[in-house]
1. Can you tell me how many residues within segment A:354-368 are surrounded by 24 or more Cβ atoms within 10 Å (Cβ to Cβ) and in contact with a Lys or Arg (Cβ under 8 Å, 6 or more places away or on another chain)?
2. Could you pull out the residue among B:Gln67, B:Gln61, B:Gln53 that is more than 7 Å from chain A (Cβ to nearest Cβ), in contact (Cβ under 8 Å) with a residue 24 or more places away in the chain, within 30 Å of A:Ala136 (Cβ to Cβ) and of a type outside the set (A, V, I, L, M, F, W, C)?
3. Looking only at segment B:384-413, count how many residues are closer than 29 Å to B:Ile359 by Cα, surrounded by 22 or more Cβ atoms within 10 Å (Cβ to Cβ) and in contact with a Ser or Thr (Cβ under 7 Å, 6 or more places away or on another chain).
4. Out of B:Leu159, B:Leu179, B:Leu197, I need the residue that is surrounded by fewer than 24 Cβ atoms within 10 Å (Cβ to Cβ) and in the same structural domain as B:Cys226 (by the TED database). Which one?
5. From B:Gln225, B:Gln203, grab the single residue that is outside the structural domain of B:His442 (by the TED database), in a helix (DSSP H, G or I) and out of contact with any Lys or Arg (no Cβ under 9 Å at 6 or more places or on another chain).
6. Return yes or no: is B:Arg205 within 13 Å of chain A (Cβ to nearest Cβ) and in contact with a helix residue (DSSP H, G or I) (Cβ under 6 Å, 6 or more places away or on another chain)?
7. Mind listing just one residue for me: the one in segment B:28-42 that is among the hydrophobic types (A, V, I, L, M, F, W, C) and assigned to a helix (DSSP H, G or I) and, of those, most open to solvent (accessible area, probe 1.4 Å)?
8. Quick one: in segment A:81-92, which of the residues that are in a helix (DSSP H, G or I) and crowded, with 19+ Cβ neighbours inside 10 Å is nearest to the other protein chains (Cβ to nearest Cβ)?
Amino acid sequence: MRRFLFSQAKRSVLDQTRRQHHTSRRFLSFLPSLSPHLPAPAPPLLSLSRFLSSTSKMSASDSTSSLPVTLDSINPKVLKCEYAVRGEIVNIAQKLQEDLKSNKDAYPFDEIIYCNIGNPQSLGQLPIKYFREVLALCDNTSLLDESETHGLFSTDSIDRAWKILDQIPGRATGAYSHSQGIKGLRDTIAAGIEARDGFPANPNDIFLTDGASPAVHMMMQLLLSSEKDGILCPIPQYPLYSASIALHGGSLVPYYLDEATGWGLEISDLKKQLEEARSKGISVRALVVINPGNPTGQVLAEENQRDIVDFCKEEGLVLLADEVYQENVYVPDKKFHSFKKVARSLGYGEKDLALVSFQSVSKGYYGECGKRGGYMEVTGFTSDVREQIYKVASVNLCSNISGQILASLVMSPPKPGDDSYDSYMAERDGILSSMAKRAKTLEEALNNLEGVTCNRAEGAMYLFPRINLSKKAIEAAEAAKTQPDAFYCKRILNATGIVVVPGSGFGQVPGTWHFRCTILPQEDKIPAIVNRLTEFHKSFMDEFRD
Amino acid sequence: MSLKALDYESLNENVKNCQYAVRGELYLRASELQKEGKKIIFTNVGNPHALGQKPLTFPRQVVALCQAPFLLDNPNVGMIFPADAIARAKHYLSLTSGGLGAYSDSRGLPGVRKEVAEFIERRDGYPSDPELIFLTDGASKGVMQILNCIIRDQKDGILVPVPQYPLYSATISLLGGTLVPYYLEETDNWGLDVNNLRQSVAQARSQGITVRAMVIINPGNPTGQCLSEANLREILRFCCDESLVLLGDEVYQQNIYQDEHPFISSKKVLMDMGAPISKEVQLISFHTVSKGYWGECGQRGGYFEMTNIPPRTAEEIYKVASIALSPNVSAQIFMGLMVSPPKPGDISYDQFVRESKGILESLRRRARIMTDGFNSCKNVVCNFTEGAMYSFPQIKLPSKAIQAAKQAGKVPDVFYCLKLLEATGISTVPGSGFGQKEGVFHLRTTILPAEEEMPEIMGSFKKFNDEFMSQYGDNFGYSRM
């Protein structure tokens, strides 16, 4: 250990001298910078170099203060990362919400409606009862011994709780588990994946995590050593990716989804971006695909997925498949296919493709965000690499147990014949069909607005309308030192109490402006939201007409 | 394309360099043996429920009701839940926006953070600001978030005690920083000598390292000592002089097994010292629901409190927390319950006190049995576990054993611990995983096995050790040492 400590110290000093030579390159940041530095109107396809050369002041000059931790002396990667879903506009909204309590008359609205984040239960969606019954019984196992429990809980939830407890060593739900997650629960999840795909899944390939986000972080940590390591990410993208890449000091290599073809993914564009990045000395390690798309809501066609798989195989890229919205598909002409199924259908096995599939309990019809449950299934990794993932997972000991249990439940819900089956199906179908209805209503309303176009939400939980802002509005935004879309979104908030996220937080073709709005407010609220948005937009357009 | 993205050779070096012994080789071997049907006593992780400790009844009732809020509408709910658990469940649900299934504020539910602040105020006698308290998925996540903010590159050093809990070495390594060790003095009951600290800092600086923060673990893990107030004052003054952030790992604050050295929080000592120092030292204190008499490891609940951190830095920490959206909500409620347990007069009060006292008193006895058991072996010396959950005996290994270890390609204490595991099923962690002075060897066990099993465990340890010593003892064998 001591040797380890000192050799580390020695190495770092050596590295330091070596690094002097690289300093200039290090500060010539390759870190992705999505929102703040995008230039105004530019040709629709942005060249990669613009993304990579966004120079920023990275020099971490020493603080004048004697305090060791101040803004100028914290990790610059931390400063650099952005996460718009909970950024400035949400902070303003929270302040407004506080102020509303005492100052009701000061505002033209009486509540804040959070459409910034896919957090369904905060907007009144009820949890699936069966899942919660099982979790409550696992949390308070003494209930299982009481006869009154049978009057309060469904029989199959009691059976399931017993089954799960028997899978946990010592039935101890308060103990740290195996760092990959409880083995029995991974067996259940593997069986669920197998039933979904028709191809075998191995429980040892599954890592249970506190939501999908830590799993994404883990993979970025593994893949990114420096700004010379790149990750191909869709633009627009869910900002978890840009933030995680920035935190880990890598480079985001953007590829553009084509809004005109329903946010289509063109392999030729992928190839072009990959080659351009490589010509700049970036070693591209992985491709992120979000399917169904966030914020864009498209569901990939199987044929498109096959091309993506082939592309990753040919180029030696890890395919990072964000499949957390796999249950959220709203149109009859589209179906979710997992990338694993697509790869296996093409005859590709473990040796052909490294694939990571992310799943979460936060989305789907269950929407259990607060539980922080999720998993990743990693295939096509050698055992020494898998050991490294295990080691990183083990530093955090394990993910939370009720999140683990819930992950196994969503992958193996009640079956026909079970006591809860009918009520479960009714809850599930009710939620999904209502989401489809809400998506349609909001999409139509947005498309009715002057200068607004909106692709349909085929899946996921969001609409991502494009707004054509007038020159006058853009100038007003510049004068207020904000991005034009952020300017528009703040105006929405102040006029209507509705919280949406500016497109610049997700990335967009320069010169185009969008916002992301969830489809999650309960159905009875939708007409009022449509009215308020329509009214606001009309007055905004009138105010800033050129 | 000869190297694929996930080939071992092309992985992030920081990942490969990181070590985490608590779940390392010994643990994996123990799991294998368990699969083969051997009875394993896992004393490698401070994981009380895994070794049979029962959860406290009241908090589990409250959280179960929060999981299944529809029960609260059922007229029969009072048949299986006490009224105060029902009232508490309603209280916590009212603090959420959408129950356990909604993301909370990324810093945790404001209402729970307020309860944490009130707890800190009661404990220390000084005000605490809920805005500077962040709830986390266990204390480890908090430590990672803070170190991530501090460490810029390998020129940034963090002072860490040796022996240390390997979360620190592993995280520093993952983040590409440099661990600057300071040694705890075993012969002085794992005391912390400020002169040692000065030396460590001077040496690191001479190597071009900017030392930015200092970690203390109080009560100590794996070493079990409780820092005295005088010692904490010295440390705080040192941090002030050297401009270091103090990271106070205080997760074992409820686990105290003697009366001479009570737990004193770094925050209280800092505030006692008064201005200017109380306004200058930047302090982050960590706590968790995994330890104490709660031992709710599987919940992943914790918090950190920041003192003297500028608001704009706190905002950056908030931003990074927001990328993970929010800590899990049921653990936040456990945290709320931990800092505001049932009060005298509540229906569940007596039972709660009975259960928690039972656990703490038993731990106190177990700490004693274990220390005495180790010290009854001639080649083992062990400081008493004043606090925390571990015993960290030094094993004097004869040169023949060190030779044999070398031949087997193992570090000597790993070799010893593996033999112990194979012979007795006791799964420990070798001292080398925590760091120790060169040429001395330790192992860490938890004091968590059930009390009634303790004599037998210590007996089988002694038997193993005797046999090991007679096999490897120099010249005359162990019996004549």
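1. Total meeting the criteria: 5.
2. B:Gln53 is the lone residue from the list that is more than 7 Å from chain A (Cβ to nearest Cβ), in contact (Cβ under 8 Å) with a residue 24 or more places away in the chain, within 30 Å of A:Ala136 (Cβ to Cβ) and of a type outside the set (A, V, I, L, M, F, W, C).
3. Going through segment B:384-413 one residue at a time, the tally reaches 5.
4. Result: B:Leu197 is the single residue among B:Leu159, B:Leu179, B:Leu197 that is surrounded by fewer than 24 Cβ atoms within 10 Å (Cβ to Cβ) and in the same structural domain as B:Cys226 (by the TED database).
5. Among B:Gln225, B:Gln203, only B:Gln203 is outside the structural domain of B:His442 (by the TED database), in a helix (DSSP H, G or I) and out of contact with any Lys or Arg (no Cβ under 9 Å at 6 or more places or on another chain).
6. Taking the combined requirement at face value, the residue does not satisfy it.
7. Here the answer is B:Leu28.
8. Within segment A:81-92, the match that is nearest to the other protein chains (Cβ to nearest Cβ) is A:Arg86.
The values are calculated or read from the model by the stated rules, or taken from the named source; none is laboratory data. Here the structure is a predicted model, which means the values were calculated and not measured. Using ideal geometry, Cβ is built from the backbone for each residue, glycine included, and neighbour counts are taken over all protein chains shown. We work out accessible area using only protein heavy atoms, side chains counted, and drop any ligands, DNA or RNA first. Shrake-Rupley method; radii C 1.70, N 1.55, O 1.52, S 1.80 Å.
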